[in-house]
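Single-structure report; data block below.
None of the figures in this text is laboratory data; all of them are computed from the coordinates on show. The structure presented is a predicted model; accordingly, all values stated were derived computationally and were not measured. Heads up, the Cβs are rebuilt from the backbone with ideal geometry, glycines too, and the neighbour counts pull from every protein chain shown.
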Amino acid sequence: MKKYLQMMLFVIVLGLVASGILVGANEITKDYIAKNAEYAWKHSILEHHEIPHTQLDFSEVFDESFTVQTEFYEDGNTLTLYTNKVNNRISFRFFGNGLWDVIEGVITLEPDFNTVVAITVTKQAETPGLGGVVAEPEYLSNYVGKQFGDTGLKAVKNGATTNQEVDAITGATGTTNAFIGLLNTNFRKYYNTFSGEDILAPLKKAILSQHTIEYNDDNYNSVFYTHFEVVNKNNLTLYVNKTTNYKSYAFTTEGFRGPIEAVITLKEDFVTIHKITVLSQSEGQGAIIQNNPTFFDGYVGKKFKPVIIVTTDPNNENEVLDGFSTATQTKTKFINGMNDTYQIYYTTFQGGNQ
């Protein structure tokens, strides 16, 4: 019995000593770990701006080099923008869901708040040799000079030909779509918050494009209100083309990993789909709904009778081909949200149930 008690006492003492060592080690190293994490992203931004620094003076150099603006975004998160005091280039940190885990990094833009100067990924857990390529400088160099424009960056498989297109990672389309999707989402938040531009500009430009109305960045607002009547009812807004009587409205659905913001245009019957455009999302694999410009081509001409149905064998006028691949939850949530929103708009503006 005495030996048993001695053994128990030894185990308890050993456990306390081990716990004390671990707690002490954590206290000793936590500041060092935090400093390394700070260095990772600040070093990357300083590199983007070609500002000399060392691991000893990076923090002081950073503070001296940038003007810092901080704002609260509508989702409750804090957004911080870093503006180079000399050349007015801007940088910010981004994060979002990749295919397998969160991807974090920093991006730097020209003073036009549109053109990419550099991107660095500071954290990712994608498949090595496939999606993990998203963090490699050689791949990220493809983004230099690209522009977000009105509709965001887009992934293509057969060679980028425009300023908004970026080549997809071979064998890792899901990671590519997720990465470009989170870049677009983060960009839109920062642009809407800090650019001083019309927060409805992306919506207005998307609607103009859906109606095939020419515009540019200088005249889009006047062109929009020349061609559309704005109808408000029960806190809903409908944009009616004064010539064709086509109707457009913005809607937000729940996605697999966050909200999906989109705009839809219906023909004059308020039943037939003319165009659908996704403005922002954070869906990972399901990001294809924004990044592939042709994704919703199959929805054109389909009718809410009374809802749109996604199927592998569409035969009826309310059925569309399932192009969501493995993004099943994105598909379900987006389609359900689109159908539910349509019923609300139809009831509100047409005076009855569809």
Using only the Cα atoms of the stretch 50-103, build the gyration tensor, take square roots of its eigenvalues as a ≥ b ≥ c, and label the shape rounded, prolate or oblate: rounded if a/c is under 1.5, else prolate if a/b is larger than b/c, else oblate. oblate
Under 21 Å Cα-Cα from K247, which lysines qualify once same-chain neighbours fewer than 8 residues away are excluded? K204, K205, K233, K267, K275, K302, K303, K305
P(r), alpha carbons of the stretch 58-194 - 5 Å bins starting at zero, rounded %: 2, 10, 20, 23, 20, 14, 8, 3, 0
Selected from Y299, Y73, Y39 as most flexible by GNM, with the chain as the system and alpha-carbon contacts under 10 Å: Y73
So if each residue of separation counts as 0.36 nm, and I subtract the Cα-Cα distance between K242 and Q55, what length gain in nm does that give? 61.2 nm
Highest-MSF residue in the chain out of T252, T161, T332 [GNM, Cα springs under 10 Å]: T161
For the stretch 133-149, Karplus couplings with θ = phi - 60° (6.51, -1.76, 1.60), whole Hz, Gly/Pro x: 4, 4, 9, 7, x, 4, 5, 5, 5, 5, 8, 4, x, 6, 10, 5, x
Counting only DSSP beta bridges fully inside the stretch 139-266, the antiparallel percentage to nearest 5 is 85
Is any residue of the stretch 316-332 close enough, with backbone N under 17 Å, to a label point placed 7 angstrom from the Cα of T294 along the Cα-Cβ axis, and if so, which? 321-325
Which one, [x] 26, 49, 19, 6, 1; [y] 30, 58, 12, 0; [z] 31, 50, 18, 1, gives P(r) over Cα pairs in 20 Å bins from 0, in percent as derived from the coordinates shown? [x]
Note, the stretch 184-194: 3J(HN,Hα) by Karplus (6.51, -1.76, 1.60, θ = phi - 60°), whole Hz, Gly/Pro = x, goes 4, 5, 5, 4, 4, 4, 5, 4, 5, 7, 10
From the backbone phi of the stretch 91-99, what are the Karplus-calculated ³J(HN,Hα) couplings (6.51 cos²θ - 1.76 cosθ + 1.60, θ = phi - 60°) in whole Hz, Gly and Pro given as x? 9, 7, 7, 10, 7, x, 7, x, 6
Just need the relative contact order of the chain here, percent rounded to a whole number, with Cα pairs under 8 Å and 6+ apart. 10
Taking amide H positions as placed 1.01 Å from N in the peptide plane, with prolines and chain starts having none, which residues 5 or more places from F94, or on another chain, fall under 5 Å of its amide H? G105, V106, I107
